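Asker: Pasting in a structure now, in structure tokens, and then I'll have a few things to ask.
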Amino acid sequence: MPYLEHVPPAPDTVDAVLIRMRALDLALPARDGVAVFNRVYLAVTEAVDRHIDGGRFPDTRAATALDVRFAERYLDAVDAAEDGRRPPACWRPLFHFRRHPGVRPLQFAMAGINAHIGHDLALAVVDACRALGCEPADLEDEFDRVGDLLVSLEERVREELMPGPDLLQIADPLTHLLGSWSLERARDATWAAARALWALRRLPDVAEEFTGRLDAAVGFAGRMMLTPLGRPAGISMPQPRVDS
């Protein structure tokens, strides 16, 4: 069943992005893997919106452009899957395993974060630079502030799903599986990828190959993150929250 009877046009404001995400949150089953990630991303976007409204970004126009183009990449992937088209490789594992009973909610959340940070954010920086007529260096402050919000949310989700270093959690395969991935390292790699893509903008064939390989590599990591592990008793998905 389609998540929206009529898909609205691509968002051009943070408010429009929030409308799309809230519609997804209402329409998708709570345990659906895309719904799990959507709740995480909705919490981040609400925090970004509060920060923009509160004047906590140095350049409000740049922050809005980056946030909207970043979100568009995710929403386009959702629309592609809904329409029976193939989403980018980085998103395919999440859509493929979204209803697998052996994949835990934290895995869904982290696989979505991996796809969105590892691939979409680099392309969103380039999209925003083209829209604003600026260089990636001009968006570095906004990039860092959005990244800081994501890191804070990642830490909160991990803590709420794995609350304490007892023997069970140390031995849990999930601890080892997701312990090998770092959002901070992924963010650093994404910034380097964005700068490389910007430098390659006059070499479209090379830029296309670079983007395709980035997409495939991030998708491979996402597939590993979604290795079915089973769901331990008493574990449920928290409602993500980002402090303003």
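The values are calculated or read from the model by the stated rules, or taken from the named source; none is laboratory data. Not measured: the values here are computed from a predicted model. FYI the Cβ positions are ideal-geometry reconstructions off the backbone, even for glycines, and counts take in every protein chain you see.
Asker: Note down all Cβ pairs under 7 Å where the first residue falls in the range 43-63 and is more than 22 Å from ARG22 (Cβ to Cβ) and among the β-branched types (Val, Ile, Thr), the second is at pLDDT 90 or above and surrounded by 15 or more Cβ atoms within 10 Å (Cβ to Cβ), and they're at least six residues apart or on different chains.
Answerer: The qualifying pairs are THR60/ILE52.
Asker: From ASP243, ASP188, ASP215, grab the single residue that is surrounded by 12 or more Cβ atoms within 10 Å (Cβ to Cβ) and at pLDDT below 95.
Answerer: It is ASP188.
Asker: I'm checking my understanding of the structure. Among residues of the range 89-98 that are over 13 Å from the mean Cα position of the chain (by Cα) and part of a loop (DSSP other than H, G, I, E, B), which one is farthest from ALA122 (Cα to Cα)?
Answerer: This residue is ARG98.
Asker: Another one. Looking for something within 20 Å of ASN114 (Cβ to Cβ), in a helix (DSSP H, G or I) and of a type in the set (S, T, N, Q) - is there at least one such residue anywhere in the range 48-69?
Answerer: No, that holds for no residue.
Asker: Return the residue satisfying two criteria in turn: it lies in the range 218-240 and is more than 21 Å from VAL151 (Cα to Cα) and among the β-branched types (Val, Ile, Thr), and of such residues it is modelled with the highest pLDDT.
Answerer: Restricting to residues being more than 21 Å from VAL151 (Cα to Cα) and among the β-branched types (Val, Ile, Thr), the top hit is THR227.
Asker: So, in the range 86-95, exactly how many residues are in contact (Cβ under 8 Å) with a residue 60 or more places away in the chain and surrounded by fewer than 24 Cβ atoms within 10 Å (Cβ to Cβ)?
Answerer: Of the residues in that region, 4 qualify.
Asker: OK, next. Any idea which of ARG195, ARG202 is among the basic types (Lys, Arg), modelled with pLDDT of 85 or more and not in a helix (DSSP H, G or I)?
Answerer: When all the criteria are applied, what remains is ARG202.
Asker: Continuing with this model, one more query. On the given criteria, is ALA109 modelled with pLDDT of 95 or more and either touching a helix residue (DSSP H, G or I) at 6+ places or on another chain (Cβ under 8 Å) or of a type in the set (Lys, Arg) (or both)?
Answerer: In short, no.
Asker: Just checking, does the range 65-85 include any residue being more than 28 Å from PHE220 (Cα to Cα), in contact (Cβ under 8 Å) with a residue 60 or more places away in the chain and surrounded by fewer than 24 Cβ atoms within 10 Å (Cβ to Cβ)?
Answerer: yes
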